[in-house]
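What follows is a short report on a single structure.
The values are calculated or read from the model by the stated rules, or taken from the named source; none is laboratory data. Since this is a predicted model, take the numbers as computed values, not measurements. All Cβ positions, glycine included, derive from the backbone under ideal geometry; neighbour counts span all protein chains shown. All accessible areas refer to the heavy atoms of the entire protein, side chains included, with ligands and DNA or RNA removed. Shrake-Rupley method; radii C 1.70, N 1.55, O 1.52, S 1.80 Å.
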Amino acid sequence: MRRTGRCLCGKVTFSAEAMPRFQACHCSSCRKWVGGPFLSVPCERAEFKGPVKRYASSEGFERGFCETCGSNLFFHPIGSGLHGIPIGLFDDQSDLPFKAEFFIDEKPENYAFSNDTSHLTAAEFRDKFRK
Ligand SMILES: [Zn+2]
Ligand SMILES: [Zn+2]
């Protein structure tokens, strides 16, 4: 299903083929980036318009943000068709159940989600996605 969204200031808009779920990443990079667990919707064929800045956060991966308001826009394996887009940016967040948590072994002890999700450790995540 194609969904639309925008950043906090509205200068960046996007549309993307959103998979029907969202996921949390507890890795230290994501927690630095968004200030907590990164809740994102896996998307294909994402198209962004507006003042998008890109940051090469690690080898082969980049993260995008709005140059004006600083909203986090996406996590993207370079060369892939995939973008992880923060769920809070979407205009309509209905029918996006919480399905998975990644880097569960890097999650700090001081919070935990009670949703019924699948869990992957850092090693399992890297095996699955060859990160
Ligand atoms: Zn903005
Ligand atoms: Zn992460």
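So what is the accessible area of the chain per residue, in Å², with the probe set to 1.4 Å?
Each residue of the chain exposes 56 Å² on average to a 1.4 Å probe.
Restrict the search to segment 1-83; then list the chymotrypsin sites (Phe, Trp or Tyr not before Pro) that DSSP places in a loop and that have at most 16 other Cβ atoms within 10 Å of their Cβ.
Counting only loop positions with at most 16 other Cβ atoms within 10 Å, none of the chymotrypsin sites (Phe, Trp or Tyr not before Pro) in segment 1-83 qualifies.
Which values, in whole Å and largest first, are the semi-axes of the equivalent ellipsoid of the chain obtained as the square root of 5 times each eigenvalue of the Cα gyration tensor? Walk me through the numbers on the way to the answer.
Details: eigenvalues 102, 55, 43 Å².
Its equivalent ellipsoid spans semi-axes of 23, 17, 15 Å.
Write out the GluC sites (Glu not before Pro) in segment 74-131 meeting two conditions: DSSP loop, and at most 14 other Cβ atoms within 10 Å of their Cβ.
Here the GluC sites (Glu not before Pro) that fit, given the DSSP loop and packing criteria, are E109.
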